[in-house]
Amino acid sequence: MRQFIIKRLLWAVMILFLVAFVIYLLMRALPTSYVEAIARERAAAQTGMSYKQWLEQLTAIYRLDVHPVIGFFHWVGNAIRGQFGTSWHWGVDVVQKFRDVIPASIILGASAFVLEIVIAIPLGILAARKQYSLTDYTVTFMALIGISLPTFFVATILKMVFAVNLGWLDLYGMVSRDHRRMTDLQKVLDIASHMIMPVLTIVVISVGSLMRYTRTNMLEVLNADYIRTARAKGLSERRVINYHAFRNTLIPIVTIVGGTLPSLFSGALITEQLFQIPGIGWISYISMTRGDIPFTMFYLSFMAILTMLGNLISDILYAVVDPRVRVS
Amino acid sequence: MPQDKPDRDQMSATPAPSTPNPPPQETIALDDERRVKVLSPSMLVFRRFIRNRLAILGVAILLVMTFFSVVGPFISPYRQDQVFTHDDLVYADFAGIMVNDTFRYTVKEGASLSPGARAQLTQAVNRGLDHFAYRGVGYDLTRIHDEAYAVTQNAICGYALLFAGRVIPSYEEGFEPAAGFEDALKEAVDARAEEFTFENATYDLAYDDREVAITVAAPVALASYNVVNFATAGQKTSFAFSLAAEQALAAAREAGESEGSFTVEGRDYRIVVDEAEAMIYEAASPDDAFASLSKYIVQPVMPDVFIEPEFKEALLTAVEEGESELVWGEEDPIVYRIRRENLRWNVRGPRKSQLVSYYMSPSWEHWVGTDGNGMDLLTRLMYGGRISLSIGFVVVLISLLIGVTMGGISGYFGGWVDMLIMRAVDVFYCIPTWPILIIFGSVMDTYRVNPYVRLVYLMMILGFLSWAGIARLVRGQILSLREQEFMVAAEASGLSVYRRIFKHLVPNVIPQLIIIATGTLGSTILTESTLSFLGLGVKYPIASWGNIITAVSDVNVMTNYLFVWVPASLCIVITVLGFNFVGDGLRDAFDPKMKR
């Protein structure tokens with residue numbers, strides 16, 4: 001087991017290195033629009049230097065004058081030591097900015113994650129138990145609709161209903177205008193109320209797949225021989241479902257859910273942008289559209305690590321949860 | 001026969017009517033070709049598929065949406081970038097009303113009043129003098145009323161020679177004495193009078209030996225705050241008319257009456273005095289206003305607009321009463337809006353102008369309404385569907401092409417090739433899709449890439465980012481398939497590698513590929529629309545369902561113009577739902593043990 005994990009980890013590092021290289025090359029191959037824009041801006045401000053001079057100076061400052069491959073090794077060398085440089089757009093240390101914005105994303109992701117599990121797994125199991133019933137069709141239908149909904153549509157409908165028509169919630173942002181003057185309890189409630197719509201949006205669009213996954217796996221388990229055996233030996237239906245079937249259904253579900261754990265930190269790029277929640281997603285969105293290479297490099301590598309971690313966790317969990325895998 | 005019923009569920013329970021019934025006396029074996037209707041595997045899949053109602057619904061949705069997007073643009077009478085305009089009444093500056101606070105001059109025909117003299121005149125009036133001089137010429141002022149003065153100039157109109165007790169007059173050019181003038185003159189000269197009066201005019205006489213100079217106060221001009229407006233466009237007032245009108249006005253005001261009359265050049269006029277102005281009617285046609293006299297100047301903004309006296313009077317009455325609106329016109333009344341600006345009044349009237357018909361509600365011409373650019377939404381939905389669907393198909397095609405090739409090669413050859421390709425797949429798996437798409441989008445924004453070129457790039461990027469999953473799936477399938485007997489047989493019969501991979505292995509992966517393709521189609525449409533919604537995907541003027549909805553970021557559009565974003569959103573939802581229904585149905589049909 002340990003050997004397996006170590007091997008996988010080594011591979012993961014190797015792949016990450018490659019991913020980072022590809023991303024770095026990509027970023028360098030892109031036009032350095034940010035530097036050009038800044039140079040143009042400063043040259044226009046009559047600082048006594050021409051656009052060309054500014055461009056040269058800025059290119060040197062931002063280390064864009066070295067060969068991409070050498071630049072990449074520079075970057076990797078710094079990144080290993082935890083130095084990702086200063087963000088061009090935000091003007092602060094990349095890691096500092098990340099620390100500032102990640103809590104919002106974690107709150108958002110974790111709330112949505114818990115809600116998803118609480119809704120999806122019971123409903124999926126219910127649908128599987130009553131296969132071809134009205135409940136089953138409703139659940140399947142709802143799941144499919146959830147999968148088919150574009151994020152912005154859900155967000156717009158929610159905004160329209162709760163923010164515009166009912167006026168209960170704010171359209172954008174994570175805090176109210178008078179947030180600073182609130183007591184601690186009020187502050188928590190304020191943030192919570194601003195999180196309602198984003199969390200709902202994420203839940204609506206992503207609950208469907210987990211629901212369907214649960215249903216399919218439960219069906220598979222219910223058709224297994226040991227369930228038939230359990231029923232044949234006269235166990236109560238409740239015991240069959242809760243004890244024999246549910247536990248076995250958990251194997252693939254735990255694997256999948258474990259795999260999605262790292263994505264709690266990745267932020268919801270689109271949802272955060274739509275609701276202007278200052279989490280890692282929205283901040284990265286702004287950085288990316290502005291051409292802020294240090295922040296974007298950091299974010300992309302971070303995302304790659306999370307994906308990698310997700311795969312790793314689900315592989316390991318699979319082995320941990322299912323004894324049959326361990327034996328073979 | 002009932003006991004011989006075929007035991008497999010998939011075979012039709014009742015024999016097809018076309019199969020000839022065997023003669024009853026003949027006994028045939030259970031697996032006789034004539035009894036067992038063998039269905040091919042694909043037929044079985046098809047049968048299972050069409051039994052699934054949701055899947056059929058999905059197919060129906062997709063057919064309708066395809067028809068809508070592919071045929072629709074040909075049926076639609078509009079182009080996708082056709083901007084619609086309409087004529088509408090827009091309130092624009094119609095006229096300005098001012099109170100005239102300087103003298104306006106009506107100069108007598110043939111006479112002249114220089115600007116210098118005019119300045120002197122104003123001064124004299126302000127000081128309360130009744131005469132003034134300018135450049136050696138004396139002028140007299142005769143007050144008509146507080147705001148109107150007649151200006152006269154003393155001019156020599158003739159001479160009279162005294163010869164042997166007789167008076168022989170000779171006149172200056174332009175002076176034509178009326179009958180009786182000479183008698184009056186003779187009488188005055190005989191009496192050595194300084195002046196005499198004849199027909200309202202006073203003549204001064206200056207004696208010099210034998211010659212007498214006759215001077216007369218000749219009217220030169222009328223200085224008044226009032227302005228005469230005629231009912232017929234282009235008509236100008238004459239000195240005589242203005243003078244008579246002013247005099248009649250003064251007379252009426254003095255007498256405290258509201259009406260007066262005067263005669264000019266043999267025509268009788270009636271004047272009705274109001275607070276703001278006086279209306280003048282010709283006696284011959286008392287119903288139609290002939291002219292108006294007032295110190296309010298109504299100046300139309302457009303040079304070709306003529307303001308009738310009646311309308312002017314109504315406007316002035318409204319102004320006097322401090323109204324903010326005036327309804328004018330009998331057949332189709334027009335509402336004019338009056339707004340005061342210090343000493344001016346601004347009259348705004350409806351003017352016809354061509355407007356872009358943006359955010360028009362659904363109507364017969366535009367079934368879904370128009371968008372923010374005044375383009376027909378239904379047409380744009382059709383074109384947008386075409387773009388969204390074709391992006392989906394092209395992207396799936398690209399990713400299938402790369403994925404199947406890579407996965408096929410990797411799975412079949414194994415070894416270092418497999419290892420290399422799989423690591424590439426891992427790398428692609430880890431590259432976050434959304435950030436890359438956003439970065440590419442904003443870079444293309446910076447470079448202002450042509451929208452059509454951009455579309456191609458978008459398809460390629462989307463396709464290139466989604467092949468990894470397909471490659472992994474194909475490889476896994478092939479790894480398990482190549483160990484099976486039929487592959488051994490294929491190898492033993494000496495088939496080429498190409499044939500073995502693409503004719504024997506790949507067809508066995510096709511069910512999974514179809515399922516994954518339908519799923520990818522749906523998700524690609526979602527991705528594309530979200531990207532276009534963010535403004536980083538398909539760009540104006542090309543329509544796509546996503547960029548039609550972009551308008552919703554304006555809260556005003558979100559709440560007031562539901563028809564702009566709801567239909568496009570529904571198109572996306574329904575289409576993706578259709579793909580998902582079909583994908584789900586296919587999954588069940590290909591893999592029956594899962595569901596049935």
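FYI, it's all coordinate maths here, none of it is from the lab. Everything numeric in this text was worked out from a predicted model, so none of it was measured. When we count neighbours, we look across all protein chains shown, and the Cβ atoms used for this are built from the backbone with ideal geometry, even at glycine.
For the range A:296-303, the Karplus equation 6.51 cos²θ - 1.76 cosθ + 1.60, evaluated at θ = phi - 60°, returns couplings of 4, 4, 4, 5, 5, 5, 4, 4 Hz by residue, with Gly and Pro reported as x.
Using only the alpha carbon atoms of chain B, find the Kirkwood hydrodynamic radius as the inverse mean reciprocal pair distance, in angstroms to one decimal.
Kirkwood hydrodynamic radius for chain B: 34.8 Å.
A simple rule links phi to the HN-Hα coupling: the Karplus curve 6.51 cos²θ - 1.76 cosθ + 1.60 with θ = phi - 60°, which for the range B:451-462 gives x, 6, 5, 4, 4, 5, 4, 4, 4, 5, 5, 4 Hz, with x for Gly and Pro. Label sites at B:GLU182 and B:SER480, each approximated as a point 7 angstrom past Cα along Cα to Cβ, lie 14.0 nm apart. About its Cα centre, how strong a charge dipole does the range A:98-292 have in debye, to the nearest 20, once Lys and Arg get +1 and Asp and Glu get -1 at the Cβ? Here the range A:98-292 has a charge dipole of around 620 debye.
For chain B, the number of Lys pairs separated by eight or more positions or lying on different chains, with C-alpha atoms closer than 19 Å, is 5. Using 12 Å as the cut-off for backbone N distance, which residues of the range B:471-493 belong to the label zone defined by a point 7 Å from the Cα of B:PHE413 along Cα→Cβ? Once the point is set 7 Å along Cα→Cβ of B:PHE413, nothing inside the range B:471-493 turns out to lie under 12 Å by backbone N. Comparing the protein assembly as shown with the 2.2 N^0.38 Å rule of thumb, its C-alpha radius of gyration ratio is 1.61 (two decimals). With the charge dipole of the protein assembly as shown set up from +1 on Lys and Arg Cβ and -1 on Asp and Glu Cβ about the Cα centre, the Cα lying farthest toward the positive end among the listed residues B:ALA233, B:PHE46, A:GLY267 is that of B:PHE46. How charged is the neighbourhood of A:GLY109? Take every other residue with its Cβ under 15 Å from the Cβ of A:GLY109, and add Lys/Arg as +1 and Asp/Glu as -1. Cβ neighbours under 15 Å give a net charge of -2. With the convex hull of its Cα atoms as the shape, the range A:1-130 has an orientation-averaged projected area of 13.6 nm². Need the list of aspartates and glutamates near A:LYS7 for cross-linking: C-alpha distance under 13 angstrom, and skip anything on the same chain fewer than eight residues off. Leaving aside aspartates and glutamates fewer than 8 places away in the same chain, those within reach of A:LYS7 are A:ASP315.
Could you work out the Rg to Rh ratio of the range A:98-292, with Rh taken as the Kirkwood radius (inverse of the mean 1/r over all Cα pairs)?
Working: Rg = 20.2 Å, Rh = 18.7 Å.
Taking Rh as the inverse mean 1/r over Cα pairs, Rg/Rh reads 1.08.
When the Cα positions of A:SER287, A:VAL221, A:MET160 are compared along the charge dipole of the range A:98-292, A:VAL221 comes out farthest toward the positive end, with charges on each C-beta of Lys, Arg, Asp and Glu.
Prolate is the label for the range B:272-413, because the ratio a/c of its alpha-carbon gyration tensor axes (a ≥ b ≥ c) is 1.5 or higher and a/b is greater than b/c.
Exposed loop sites are taken as chymotrypsin sites (Phe, Trp or Tyr not before Pro) in a DSSP loop (any state but H, G, I, E or B) with at most 16 other beta carbon atoms within 10 Å; the longest stretch of chain A without one runs A:173-328.
Once the chain from A:ASP65 to A:THR135 is taken as fully extended at 0.36 nm per residue, the excess over their C-alpha distance is 18.9 nm. Here B:THR202 and B:ARG337 are evaluated by their C-beta separation; at R0 = 56 Å the FRET efficiency comes out at 0.60. Here the 3J(HN,Hα) profile of the range A:260-276, calculated from phi with Karplus coefficients 6.51, -1.76 and 1.60 at θ = phi - 60°, is 8, 3, x, 5, 4, 8, 7, x, 9, 3, 6, 4, 4, 5, 5, 9, 6 Hz, Gly and Pro shown as x. Taking chain A as a Gaussian network of alpha-carbon nodes connected by springs under 10 Å, the highest mean-square fluctuation of the residues A:ILE70, A:ILE157, A:ILE316 belongs to A:ILE70.
Within the same chain, aspartates and glutamates fewer than 8 places from A:LYS233 are excluded, and of the rest, those with a Cα less than 13 Å from its Cα are A:ASP225. Modelled spin labels at B:ASP130 and B:PHE306, positioned 7 Å past Cα toward Cβ, are 4.2 nm from each other. Between the listed residues B:PHE181, A:PHE17, B:THR550, the Cα displaced farthest toward the positive end of the dipole of the protein assembly as shown, a dipole computed from Cβ unit charges relative to the Cα centre, is found at A:PHE17. Electrostatic bookkeeping for B:GLN120 treats Lys and Arg as +1 and Asp and Glu as -1; over the other residues with beta carbon under 14 Å from its beta carbon, the sum is +1. Separation of the range B:206-266 and the range A:253-316 by C-alpha centroid, Å? What the calculation gives is 92 Å, centre to centre.
Let me make sure I get this right: for the range B:43-112, a, b and c are the square roots of the gyration tensor eigenvalues over alpha carbons, sorted descending. Under 1.5 in a/c it's rounded, otherwise prolate if a/b > b/c, else oblate. Which is it? Intermediate values should be presented prior to the final figure.
Details: a/c = 13.45, a/b = 5.41, b/c = 2.49.
Since a/c reaches 1.5 and a/b is larger than b/c, the shape of the range B:43-112 is classed as prolate.
Computed FRET efficiency, Cβ-Cβ of A:ARG177 and B:THR27, R0 60 Å: what is it to the nearest 0.05?
On the way: r = 91 Å, r/R0 = 1.52.
After rounding, the FRET efficiency stands at 0.10.
Indicate the gyration tensor shape class of chain A (rounded, prolate or oblate), computed on the Cα atoms with a ≥ b ≥ c the square roots of the eigenvalues: a/c under 1.5 is rounded; otherwise a/b larger than b/c is prolate and the rest oblate. Intermediate values should be presented prior to the final figure.
On the way: a/c = 2.92, a/b = 1.61, b/c = 1.81.
Note, shape of chain A comes out oblate.
About the centre of its Cα atoms, the range A:1-94 shows a dipole size close to 460 debye [charges on the beta carbon of Lys, Arg (+1) and Asp, Glu (-1) only; nearest 20 debye]. Each part reduced to its alpha carbon centroid, the range B:303-351 and the range B:126-186 end up 45 Å apart.
Assuming charge only on the beta carbon of Lys and Arg (+1) and of Asp and Glu (-1), the dipole of chain B about its Cα centre is about 6820 debye to the nearest 20. Using a cutoff of 8 angstrom between alpha carbon atoms and counting only pairs six or more residues apart, the relative contact order for the range A:18-136 works out to 13 percent.
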